[in-house]
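The values are calculated or read from the model by the stated rules, or taken from the named source; none is laboratory data. This one's a predicted model, so the numbers in the text were calculated from it and none came from an experiment. No Cβ is skipped: glycine too gets one built from the backbone with ideal geometry, and neighbour counts run over all protein chains shown.
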C-alpha cells in the first residue's frame, strides 16, 4: 500500500487542480446567435465611457461615424462643432455597429484598436471597451501567443458581441442592444428601462432563471421602425430604434422613429448642403411633405416618402392612401443637448424598485443549429444562448460540484 499512496495522492491533487482551475477561468457571458450566411444587420452596443472623451474619439474607438453615435442617442447634432464636444466619464451610450456572421456566430469584427504604452489585454477589454469583450477573446482573435507582450502601435481586432435575430422580436421590427450588466442591475429594471418584458429578455437570451450578475452581456430587443428600401440602395435594411433617429444618404436625409410609432419618417436633415433633388416626380411635394384631404369616404393622404440612396441619388416615392381618419402630426423623438455631466438615469438602466439588488449567476445553455431540447428558448423565440466569452462551458455554479468530487475521492481513499 505504501507504494501506491503517491500514485493516488498525485491523482487526487491533479484532479482537484483541474476542476478548480476550470472554475477560476470563467469570464463574463454573452448571448450567442448561430448563423450560416454572410449577411449583416444594424445592431447596438451599450458602452460606458472609461474617461472623458470627445464624440470623435468615441467614434474612433469603434470605427463608426461620429454623427451616427449622436443620432443613436437622440443627441442634437445642430450644436456647433458637436463632433469635438467632450463627453463625460461614466456616460452610457448606444454605439451603432454592423453585426456580421463570422465563424458561424454573430459578431462584429470591424473594430481595430491601436495599442498604447502600458496597455494590457485585460485593460483594453475591461476598461477601454467596458467589458464588451474579454481578454481571451482579443487574444484568440489576434492569435497572440504571449499576452504579456504587446507591441506599441499594434492594430488588434476587437471582436464585439452583437445579435440580429432577423431584425424582429415577436414578429415586429427590432434592433438588438448588447448590454453589459452592472452589479446593481436587475432583469426587471433592465426590462422596464427598455420597454420590454422579463419574459422577452429570458426568451431572447435563453435564460433559465431571472437572476443575473455583473459582467453578463444580454441581448436587449429595442422596438424599431424598419425601412423597405430596394436591395440596391446603399442604406438597404435601415432600421431605427423607437425614440431615435438616423442620418443617411450622405448626411442629406434624417429618418426618425417617433415615440410609440412603428412608421419610419424621413425628411431633409439639418446637415443637408449639397444634396440631389428631394422632390417627388409629377408632384409639388418634397421629401417629408404630406397632404390631407377629408372626404365622405375617409381621409385621402398623399406623401412624398424616402425610398433609399443609390448611385449618389436620393430616391423618392409618391404614396397615396385612403385612411378612415386623417393622421395627426408626425411625432419626433425628443432631442437632448450633448451631455456635459452624467445623470443617474442618463441612458442607462436602473434596478427595479421591487428588487433588493441581489445578483446570482444565470444558468447557461447551448443552442444547437436545429431542433429543440430542454433548457433552450421556447418555441418561436429567437435562437440564442448564454455562452462563456472565453468559450469555456464551466460556470462559478460548478464550484459545489468540484468540492463534492474532491470530498468523494477523499472519503474513498481515507489514507491519502
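Checking 93, 121, 132 one by one, the residue that is more than 30 Å from residue 336 (Cα to Cα), buried (at least 21 other Cβ atoms within 10 Å of the Cβ) and modelled with pLDDT of 95 or more is 121 and no other.
Hey, could you check the stretch 216-228 for residues that are at pLDDT below 95 and not in a strand (DSSP E or B) and say which is surrounded by the fewest Cβ atoms within 10 Å (Cβ to Cβ)? Per the stated criteria, the residue is 228. Filtering 78, 100, 89 for residues that are assigned to a loop (DSSP other than H, G, I, E, B) and under 27 Å from residue 154 (Cα atoms) leaves a single hit, 89. Those residues that are more than 12 Å from residue 71 (Cβ to Cβ) and either touching a helix residue (DSSP H, G or I) at 6+ places or on another chain (Cβ under 9 Å) or not in a loop (DSSP other than H, G, I, E, B) (or both), I need them from the stretch 229-252; list them, please. Scanning the stretch 229-252 gives 237, 239.
What are the residues in the stretch 308-335 that are at positive phi and loosely packed, with under 15 Cβ neighbours inside 10 Å, if any? Answer for the stretch 308-335, where residues must be at positive phi and loosely packed, with under 15 Cβ neighbours inside 10 Å: 311, 312.
Can you tell me which of (1) in contact with a strand residue (DSSP E or B) (Cβ under 6 Å, 6 or more places away or on another chain); (2) buried (at least 16 other Cβ atoms within 10 Å of the Cβ); (3) farther than 24 Å from residue 223 by Cα is the one residue 298 doesn't meet? Unmet condition: (2). Quick check on the stretch 207-215. Is at least one of its residues assigned to a helix (DSSP H, G or I) and either over 21 Å from residue 263 (Cα atoms) or assigned by TED's automatic domain parsing to the domain that holds residue 68 (or both)? Checked against the condition, which is being assigned to a helix (DSSP H, G or I) and either over 21 Å from residue 263 (Cα atoms) or assigned by TED's automatic domain parsing to the domain that holds residue 68 (or both), the stretch 207-215 yields no hits at all.
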